[in-house]
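So the structure is just underneath, and the comments pick up after that.
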Amino acid sequence: MPGTPNPPERRTADEPQVFASPLHSLVRRAPVVCTESASVDDVARTMRDDGVGSVVVVDAHGRPLGIFTTQDLVRVFAEDLRATPISAAMTRDPIALPGHAPAYEAALAMVEHHVRHVLVTMDGRLVGVISERDLFSLQRLGLAELTMEIRLASDIDLLARLAAEIRRLTVLLVGQGVSAERLTLFVSVLNDRLSQRVIEVVRKRHRWEHIGWCWLAFGSEGRLEQTFSSDQDNGLVFESHEGASIASTRRALLAFAREVNEALGACGFALCSGNVMASNPDLCLSLDEWKAKMGGWFEHPSPKALLDGAICFDFRPLFGDASLAHALHEWLLPRTRARPSFLRLMATNALEARPALGVLADFATEDAPDAPGTINLKLHGVRPFVDAARVYALAFGLAPTATAERLRAAMPDLRMDPLEMAAIVDAFFFIQQLRLRLQARPEASAREHANRIDPRRLNEFERHGLKDALRQGRKLQQRLALDYRL
């Protein structure tokens, strides 16, 4: 049936081998190329005669300059640009990867950059072109097809099935050892596409107009760091038009937000137990109300205010009028920089969750119900990195929301050696990798134990790696304590 993905069992047999293969092994034919002087008409005839969907524009040394695809062809024919040089119609700086790169890197690049072709190079020279169809056979749903299915889905039931497909592909990539940084970005990009389509579908059921609004992603979604166990953290910022009151606008948006939250729940994004969701009236606010709310946190930094700030300060726009979110961000950062006393309290909170390093043993474990002798990798693994990165981002007025990007951007202000910061970022992603592997297992435990790991079940390399990563988290906290004299 159109719009319905093929059954998963028809798509799994050969994918592990395909994803693990070096890209050069997937090149089936010599690339079809041309020079910059060729006309669009010439290139179109070449594409027709050779039966290809793309032609790569190269220089005299075989280095790629651009790519011309069937999508470009449709555009230039519509604009009657057939006689123009290909250099004026091609897509410049196409995505290129070295031939030794694993195939999953090309798959992730296709999703991240919304492209169907990745160039394969050796020493900078073109050796082939990998298309989406080279990675996924016609009987299987590929990444580009998956994003297209999401874009065309017209009901929540289909989107729920596609959400399950995203999780299946993610499990597959975890098994192939894809780096945590690339994998969390992959999960977040596809989850963004899915959430955006859910919002679009629900929006069509509501007839209100003349409201400017933006759906905000908070927490791990706001940081582009979602894992399999991430729940919903979201809100709404709006402005009323044509004399409508804030109260009436909020009523209309709350009904809409409740449906969206429920629909996202049906797609596997658990409802937030703390009610950090757009359907909460306290998180469905006008731009001025958001400013007043955050200003109140600065003036009266109670424990709850600091907790709310830790969640909401990681916001980014997900759908709607992004200018509202940007305006809030531009208002926020100068004010956090000007409030060192507030940042000191946030730094104090950031030191509460200590890395799970033992004094007499390697690790400080907990006897949680039904999970004795375990470490909570979210609380005592990644949180020390996340919280410290947030404090530094707010202190230095940094725009990124992702933990690694915040730490890298803070490096000049911290006067930290690049290798030292690289070790901290690598440690963060090592722990994230363990979390993803833990949650991807078929026997993964209930949500309350999704982040718990028993260090006794790790091999020697993993134990040493986890211990070293936690030491980097402790080192980052020590730097934070020194900076704020705590």
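The values are calculated or read from the model by the stated rules, or taken from the named source; none is laboratory data. Keep in mind the model is a prediction, meaning the values are calculated, not measured. In this analysis, Cβ positions are derived from the backbone assuming ideal geometry, glycine residues included, and neighbour counts consider all displayed protein chains. Remember, those area values only see protein heavy atoms, side chains included, never the ligands or the DNA or RNA. Shrake-Rupley method; radii C 1.70, N 1.55, O 1.52, S 1.80 Å.
What the table below lists for this structure:
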| item | result |
| --- | --- |
| For C284, residues with placed amide H under 5 Å, excluding near neighbours | L236 |
| Residues of region 297-422: accessible area per residue with a 1.4 Å probe, Å² | 45 Å² |
| Charge dipole of region 14-104 about the Cα centre (unit charges at C-beta), most positive-ward option of P64, A89, V74 | P64 |
| Nonlocal amide H pairs with G373, under 5 Å, H built at 1.01 Å | E366, D367, A368 |
| Per-residue HN-Hα couplings for region 169-179 [Karplus 6.51, -1.76, 1.60; θ = phi - 60°; Hz; x = Gly/Pro] | 5, 5, 4, 4, 6, 4, x, 8, x, 4, 4 |
| Along each principal axis, Cα extent of region 130-243, largest first, Å | 55, 29, 25 |
| ³J(HN,Hα), Karplus 6.51/-1.76/1.60, whole Hz, each residue of region 271-286, x for Gly, Pro | 4, 6, 5, x, 6, 7, 9, 5, 6, 7, x, 6, 10, 10, 10, 5 |
| Normalised alpha carbon radius of gyration of the chain [divisor 2.2 N^0.38 Å] | 1.07 |
| Net charge contributed by nearby residues that have their C-beta within less than 11 Å of V40 (K/R +1, D/E -1) | -2 |
| Charge dipole magnitude, Cβ of K and R +1, D and E -1 - region 226-366, Cα centre, debye nearest 20 | 400 debye |
| Size of charge dipole - the chain - debye, nearest 20, with Cβ of Lys, Arg +1 and Asp, Glu -1, no other charges | 740 debye |
| Cα-based equivalent ellipsoid of region 398-486: semi-axis lengths in Å, sorted from largest, via gyration tensor | 28, 15, 12 |
| Mean Cβ neighbour count within 10 Å, used as a protection proxy, ranking 191-198, 455-462 highest first | 191-198, 455-462 |
| Positive-end residue, the chain charge dipole about Cα centroid, Cβ charges, pick of P400, G295, H210 | G295 |
| Spatially proximal lysines relative to K467 (Cα-Cα < 30 Å; intrachain offsets below 8 disregarded) | K378, K475 |
| The chain, accessible surface, carbon-and-sulfur percent (1.4 angstrom probe) | 52 percent |
| Which of F256, F269, P281, positive extreme of dipole for region 205-337 (C-beta unit charges) | P281 |
| Mean-position separation - Cα centroids, region 181-207 and region 262-278, in angstrom | 13 Å |
| The chain: calculated mean residue ellipticity at 222 nm from DSSP helix runs of at least 4, using -39500 (n - 2.57) | -16000 deg cm²/dmol |
| Eligible lysines near K304 by straight Cα distance, threshold 16 Å, same-chain separation 8 or greater | K293 |
| For region 179-283, the spread of Cα positions along each principal axis, largest first, Å | 51, 25, 22 |
| R0 of 25 Å, Cβ-Cβ distance D282-K204: FRET efficiency to nearest 0.05 | 0.40 |
| Relative contact order of region 369-468, pairs being alpha-carbon contacts under 8 Å that are 6 or more residues apart, as % | 35 percent |
